[in-house]
Amino acid sequence: MFAVLKTGGKQYKVQSGDVLRVEKLAADAGEKIQFNEILMVGAQVGTPTVDGAAVQAEVIEQIKGPKTINFVKRRRKHSSQRTKGHRQQLTLLRVTDILETGADASGVKAAVGAGSVAAAAPAPAKTAAPKAAAPKTAAATGADDLKKLSGVGPALEKKLHEAGVTTFAQIAAWSDEDVAAMDEKLSFKGRIEREGWIAQAKELANG
């Protein structure tokens with residue numbers, strides 16, 4: 001009787017006594033393992049696997065496949081080339097039994113890939129990030145719409161807010177020293193006087 005098993009992303013048709021090489025499994029030489037992902041046993045075809053079926057095998061040894069050479073060359077002005085060798089890690093095993101049923105009760109260790117030996121550490125539980133407060137509107141904060149001043153856009157208004165300037169009354173009350181300090185602090189480069197913000201602020205503050 002034959003079976004078709006799946007391991008390492010590949011399918012193998014096997015019979016009892018067959019020796020085959022599969023991608024490295026987490027098992028030592030002499031250990032008995034069991035493949036539970038069986039796609040077909042005799043004339044019975046799985047959907048996609050056959051329930052209760054298994055293939056048992058004995059690990060002969062851990063081996064490496066033949067060396068493959070990869071050569072890469074890039075055709076560009078600053079070209080580069082690289083030669084790299086690789087030997088695939090494999091497990092050599094001998095099929096001992098093919099079970100049509102009773103795989104769950106066999107007590108034989110399931111075959112798992114070498115990369116699956118150490119279970120990945122559980123990711124730390126994500127704590128819900130505090131929701132960012134919605135930006136307050138000018139009406140909600142009692143601030144004036146400073147964008148009504150000549151040459152003031154959203155970015156410039158934000159700078160003024162960060163400097164603590166939120167109302168037309170504040171700007172209307174600026175002295176020459178205040179203007180000079182604000183020019184230097186926010187790099188306005190004379191814009192306050194040039195655009196006539198103080199006069200505009202007085203008119204806007206009075207409605």
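The values are calculated or read from the model by the stated rules, or taken from the named source; none is laboratory data. Keep in mind that this is a model prediction, so the values were computed, not measured. No Cβ is skipped: glycine too gets one built from the backbone with ideal geometry, and neighbour counts run over all protein chains shown.
Considering segment 14-40 alone, what residues qualify as being over 20 Å from Gly113 (Cβ atoms) and in a strand (DSSP E or B)? Once the filter is applied, which keeps residues that are over 20 Å from Gly113 (Cβ atoms) and in a strand (DSSP E or B), segment 14-40 yields Gln15, Met40.
Might you check whether a residue that is without any contact (Cβ under 8 Å) to a residue 24 or more places away in the chain and within 33 Å of the chain's Cα centre (by Cα) occurs anywhere in segment 57-67? Yes, some residue in segment 57-67 is without any contact (Cβ under 8 Å) to a residue 24 or more places away in the chain and within 33 Å of the chain's Cα centre (by Cα). Looking only at segment 41-92, residues that are in a strand (DSSP E or B), among the small types (Gly, Ala, Ser), more than 19 Å from Thr7 (Cα to Cα) and out of contact with any Lys or Arg (no Cβ under 8 Å at 6 or more places or on another chain) come to 0 in all.
If you check Arg87, Arg75 for being out of contact with any Ser or Thr (no Cβ under 6 Å at 6 or more places or on another chain), in the same structural domain as Glu31 (by TED's automatic domain parsing) and free of Cβ contacts under 8 Å to residues at least 60 places away in the same chain, only one passes: Arg87.
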